[in-house]
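Laboratory data are not the source of any read-out in this text; all were calculated from the coordinates shown. What you are looking at is a predicted structure, and each value in this text was computed from that prediction instead of being measured. Ideal geometry is used to build each Cβ from the backbone, glycine not excepted, and the neighbour counts take in all protein chains shown.
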Amino acid sequence: MDYSKKTKDRYDERLAKFGYNPKTLGWLKGRQGIRFSVLTSIGTMNNSNILDVGCGFGDLCGFLKYKKLKFQYLGLELNPNLIEYGKDRYLQANFKIFDIEKNNIIGKYDWVIISGLFNFKRDNPYWFIEFVLRKVFRSCRKGVSVDFMTSYVDFKNRNANYVEPEKIMKICKKITPRMSLRHDYMPFKFCVYLYKNDKKTTNNIFMEYYRSLDKDFRTNKWLKKIN
């Protein structure tokens, strides 16, 4: 099956019906800000070079701009008609027509963000997920943030792709030893952070996390300060 054509056609039909609207992208209930907040919580977006894979209209750029951050943005999108809206709306952004299965990512980016790319049913979904994650992870300097629809739901749309968080975690652990899975923000969605820097301290703590701690908590000094 030609999934690229099927995906283009799906969004063209919605675009003709809804125009510039989250409904065109399948976001029906005003949750874009929630998703973007979770996805960008992987790390500091300010002064970063960001790659948005499957960017749609490029609204992640608008989200970051609203937060008054300094950043460089490149949106990759399969459907050229969606990109045209993004180019008109976000003049400071860059966009490129891109097929994740066929095209190679050029350059390196601090953060890679993927939202909604894996939401639609297809054959061999876990193969596709691993293929994409490996490709984008090679192109990041700091990390990849990606969301999925969880298999832990009480209702399923027959056209949607629901994945098991446990299987996604196993895929991610094959790519990097340092990752995090969040299933705390929507009952039917979860998000995974894959980090590039997996250096560890001498006592086997991931270095970036260790440096983010208050100095007292890096050792047991805090115990001695308790009255």
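Label sites at Asn81 and Ser37, each approximated as a point 7 angstrom past Cα along Cα to Cβ, lie 3.3 nm apart.
Each of Ser139, Ser145 was scored by other Cβ atoms within 10 Å of its Cβ. Listed from fewest to most, they are Ser139, Ser145. Taking amide H positions as modeled 1.01 Å from N, with prolines and chain starts lacking one, no residue 5 or more places away or on another chain lies under 5 Å from Asp198. Spacing of the modelled spin labels on Val153 and Phe18, each 7 Å from Cα toward Cβ, amounts to 1.5 nm. The calculated 222 nm mean residue ellipticity attributable to helices in the chain amounts to -10000 deg cm²/dmol, summing -39500 (n - 2.57) over DSSP H runs of n ≥ 4 and dividing by all residues. For the pair Arg218 and Arg122, a Förster radius of 35 Å applied to the C-beta separation gives a FRET efficiency near 0.20, rounded to the nearest 0.05. DSSP assigns beta bridges within the chain; of those with both partners inside it, close to 40 percent run antiparallel.
Our note on the geometry: Cα centres of the stretch 114-191 and the stretch 202-227, 32 Å apart.
So, R0 is 30 Å and r is the distance between the beta-carbons of His183 and Glu101; what FRET efficiency does that work out to, to 0.05? Once rounded, the FRET efficiency stands at 0.60. Take the Cα of Leu91, step 7 Å toward its Cβ, do the same at Lys67, and the gap between the two points is 2.4 nm. Both radii were evaluated on the Cα set of the stretch 3-196; the Rg over Rh quotient, with Rh as the Kirkwood radius, amounts to 0.92. Please say if the stretch 145-215 is rounded, prolate or oblate, where rounded means a/c under 1.5 for a ≥ b ≥ c the square roots of the C-alpha gyration tensor eigenvalues, and otherwise the choice is prolate for a/b larger than b/c and oblate otherwise? Because a/c hits 1.5 or more and a/b exceeds b/c, the stretch 145-215 counts as prolate.
Comparing Asn220, Leu64, Val163 along the charge dipole axis of the chain, the residue lying farthest to the positive side is Asn220, per the Cβ-charge model. Summarising the amide proton neighbourhood of Cys140: residues at separation of 5 or more, or on other chains, whose placed amide H is nearer than 5 Å comprise Tyr109. For the stretch 73-200, DSSP calls about 55 percent of its internal beta bridges antiparallel.
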